[in-house]
Amino acid sequence: MTETTVLSVDIGTSSLKASISGVFSHSGIIVMASSRIRFPKIETENKYKEATFWLPALKEALKDIKNKCEALEQNPFESLAGICISGNGPTIVSKDGTTLLWNTPITIDIPKDCESLFIPRLMQFKYQFKEKWKNSDTIFSGPEYLIWQLTGKAFTILPEARYTKAYWTTESLYKFGFDAQEQSKLPTYLGLGDCAGTIKEDISKAFDGIIPKGLPVFCGGPDFIVALIGTATITPGKLCDCAGSSEGINLCTSRPLSGEGIRTLPSAIPGLWNAAVLIPESGIRFSNLKEEIEAKINKKMDYEEFVSYILDEKDEKGMELMTEIAINTKKALKTLFDAAKEAGLPVDNKMQITGGQAKNKIWLTMKCNITATTLTVPSFPDAELTGDAILARVGLGEYESIEQACNIMVQTNKTYRPA
């Protein structure tokens, strides 16, 4: 195994995930321990303060990881070389932690010629939180706020040069009403895997020395970009199913792919693209139904037990939801296959699965059969954390490129083939 370990951190909408890992050249990423800390339910007084939960959640996650490692008589923190942080976006945060999450509805009129994903949310933040906007000398994107808390350094992580229009330029900011003083609130760009700074002494003390002063902190960026890296969906034809609150069926292409229902954005790899078909709120609906059934039977279940319950009890609502999501996945695949065929672009005959669904063999078997697609599960299914580990090791200079790191670190653990 590699002599060094790295910490991976991903900020989700409802929880923070973290892991500590090494690398075996023959079997990819090796995760010693991981943790997931759910954020508190938002009370009225904490509304729009989600970012204030992130630092305490990280401290709790790292304590949990340390305890798990000690129980196994391991101490991977002794060889810790860096930490990489990703998160949801486009989320906007002011210095006091006031947060406009990526999925908060925009209530103001946005010009139709605005190409940016961030400018509409900056406009909404400026309108909705006038005093916060005025009084904050820095306005952050999501994971960059946590990076600033850890390092004292303010940057914006740009996934790739072609994303500048999706973020902002001086010209586009002026065009949509941001003057020079307002533009100075927005930190300059860094790239994926760049070092954003090092852990401050006060943070190390607050974390009881778990993360040492001077530890380099690397840029992970938007969670969906990092998940594509963590599944190695960075070569033309590769497919992955990234599931969280919502679900995206993604295809890496050598040129932009168009079609009804397809969203195409640049890949993290220069010259390549990612075409995606979204299945909105599939994870949220699954989670809501799980809570509903748990309340009905007065028992907490993991997802494997939850799916087994649906099948064993022939729960009508659950069966309908599972079938609907699998059919929507099949339709999404067909949309991508048809568009790729028309464009003369290759598509693999198998798809990488990530997230909580990757840990549920009953659900994957059902999904595999309904979609008539071979599904593969990586050795570590949390793709964002794998992607962060990859970027950290590229940032440390252990690999020359993201592609080289992916080839070694992303390995298939299980394969499901249609019956």
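The values are calculated or read from the model by the stated rules, or taken from the named source; none is laboratory data. As the structure is a prediction and not an experimental result, all values here were calculated from the model. As a convention, Cβ positions derive from the backbone with ideal geometry for all residues, glycine included, and neighbour counts pool all protein chains shown. All accessible areas refer to the heavy atoms of the entire protein, side chains included, with ligands and DNA or RNA removed. Shrake-Rupley method; radii C 1.70, N 1.55, O 1.52, S 1.80 Å.
Ser19 falls short on exactly one of the conditions (1) over 28 Å from Pro280 (Cα atoms); (2) touching a residue at least 60 places away in the same chain (Cβ under 8 Å), and that condition is (1).
Answer with yes or no whether Lys63 is open to solvent by 30 Å² or more (accessible area, probe 1.4 Å), within 24 Å of Lys200 (Cβ to Cβ) and basic (Lys, Arg).
Answer is yes for this residue.
The residue that is farthest from Leu158 (Cα to Cα), counting only those in the stretch 253-285 that are assigned to a strand (DSSP E or B) and open to solvent by 70 Å² or more (accessible area, probe 1.4 Å), is Leu278. Within the stretch 115-124, the only residue that satisfies the criterion of being surrounded by fewer than 19 Cβ atoms within 10 Å (Cβ to Cβ), modelled with pLDDT of 95 or more and farther than 16 Å from Tyr48 by Cα is Pro120. Taken over the stretch 175-207, the criterion of being over 16 Å from Leu122 (Cα atoms), touching a residue at least 24 places away in the same chain (Cβ under 8 Å) and either surrounded by fewer than 16 Cβ atoms within 10 Å (Cβ to Cβ) or of a type in the set (Val, Ile, Thr) (or both) is satisfied by Thr198, Ile199, Ile203, Ala206.
Quick one: in the stretch 70-94, of everything that is of a type in the set (Asp, Glu) and on the phi < 0 side of the Ramachandran plot, which residue is least open to solvent (accessible area, probe 1.4 Å)?
As a first pass, look at the stretch 70-94 and keep what is of a type in the set (Asp, Glu): 70, 73, 78.
Narrowing further to those that are on the phi < 0 side of the Ramachandran plot: 70, 78.
Values: Glu70: 97, Glu78: 154 Å².
So the residue we want is Glu70.
Go over the candidates Lys334, Lys290 one by one and state the one that is in contact (Cβ under 8 Å) with a residue 12 or more places away in the chain, assigned to a helix (DSSP H, G or I) and open to solvent by 20 Å² or more (accessible area, probe 1.4 Å). Talk me through it step by step, then tell me what you get.
Values: Lys334 fails: in contact (Cβ under 8 Å) with a residue 12 or more places away in the chain.
Answer to the selection: Lys290.
Selection of first residues in the stretch 132-154 that are more than 22 Å from Asp10 (Cβ to Cβ) and modelled with pLDDT of 95 or more and of second residues that are among the hydrophobic types (A, V, I, L, M, F, W, C) and part of a helix (DSSP H, G or I), restricted to Cβ pairs under 8 Å at least 6 apart or on distinct chains, gives the following pairs, ordered by first then second residue: Lys132/Phe125; Trp133/Phe125; Thr138/Trp148. Looking across the stretch 1-36, the residues that are within 15 Å of the chain's Cα centre (by Cα) and among the β-branched types (Val, Ile, Thr) come down to Val9, Ile11, Thr13. Across the stretch 341-375, the number of residues qualifying as small (Gly, Ala, Ser) and crowded, with 21+ Cβ neighbours inside 10 Å comes to 1.
Of all the numbered requirements in (1) open to solvent by less than 20 Å² (accessible area, probe 1.4 Å); (2) touching a Phe, Trp or Tyr at 6+ places or on another chain (Cβ under 7 Å); (3) modelled with pLDDT under 95, Thr386 misses one, and that requirement is (3).
The residue that is farthest from Lys205 (Cα to Cα), counting only those in the stretch 125-159 that are open to solvent by 60 Å² or more (accessible area, probe 1.4 Å) and part of a loop (DSSP other than H, G, I, E, B), is Asp137.
Look at Pro212 and say whether it is buried (at least 17 other Cβ atoms within 10 Å of the Cβ), in a loop (DSSP other than H, G, I, E, B) and at pLDDT 95 or above.
On the way: buried (at least 17 other Cβ atoms within 10 Å of the Cβ): no; in a loop (DSSP other than H, G, I, E, B): yes; at pLDDT 95 or above: yes.
Answer is no for this residue.
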